[in-house]
Amino acid sequence: MHQMRAQYGPGGPADGVKTWHIVAGEDTTAMCGRELDADAETRDPTHWAEQPNLSCHTCGALFLREAPYLPTEHEYREQSQ
């Protein structure tokens with residue numbers, strides 16, 4: 001089970017989310033290796049694409065390597081012949 005965990009700016013939560021990272025379970029170490037606050041906001045990883053400019057590229061790439069590809073979740077497109 002993975003989740004998104006916020007990294008805040010220098011002023012903490014009052015500054016808002018600087019970057020979203022992916023962590024395994026309740027871990028506070030992001031997949032990219034960054035240590036995050038234990039009390040930082042968390043979200044379900046299905047929200048990853050909502051603010052791409054705030055998403056850690058490294059965490060996203062590593063998460064995709066671990067997440068199963070489920071064809072039923074993707075629209076099937078036939079290639080024209």
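Shown here for the range 1-69: GluC sites (Glu not before Pro) in loop regions (DSSP other than H, G, I, E, B) with at most 15 other Cβ atoms within 10 Å, namely GLU26, GLU41.
May I ask for the net charge around THR28, where only other residues with Cβ less than 11 Å from the Cβ of THR28 are counted and Lys, Arg are +1 while Asp, Glu are -1?
Numbers: positive: ARG5, ARG34; negative: GLU26, ASP27, GLU35, ASP37, ASP39.
Here the charged neighbours net out to -3.
Solvent exposure of the range 11-60 amounts to 60 Å² per residue of accessible area, where only protein heavy atoms count and the probe is 1.4 Å.
Tally Lys/Arg at +1 and Asp/Glu at -1 over every other residue whose Cβ is under 14 Å from the Cβ of ARG5; what's the total? It would help to have the intermediate numbers written out before the result.
Numbers: positive: LYS18, ARG34, ARG43; negative: GLU26, ASP27, GLU35, ASP37, ASP39, GLU41, ASP44.
In short, -4.
Of VAL23, VAL17, the residue with the largest accessible area leads and the full order is VAL17, VAL23 (1.4 Å probe). When LEU64, LEU54 are compared by accessible surface with a 1.4 Å probe, the order from highest to lowest is LEU64, LEU54. With all protein chains in place and ligands, DNA and RNA left out, the 1.4 Å accessible area ranks HIS21, HIS2 as HIS2, HIS21, largest first. In whole percent, how big is the carbon plus sulfur part of the accessible area of the range 1-64, probe 1.4 Å, protein atoms only? Carbon and sulfur atoms account for 53 percent of the accessible area of the range 1-64.
The values are calculated or read from the model by the stated rules, or taken from the named source; none is laboratory data. Note that the coordinates shown come from a computational prediction; the quantities given were computed from them, not determined experimentally. Please note: Cβ atoms are built from the backbone with ideal geometry, for glycine as well, and neighbour counts cover all protein chains shown. Keep in mind that these areas ignore ligands, DNA and RNA; they rest on the heavy atoms of the full protein, side chains included. Shrake-Rupley method; radii C 1.70, N 1.55, O 1.52, S 1.80 Å.
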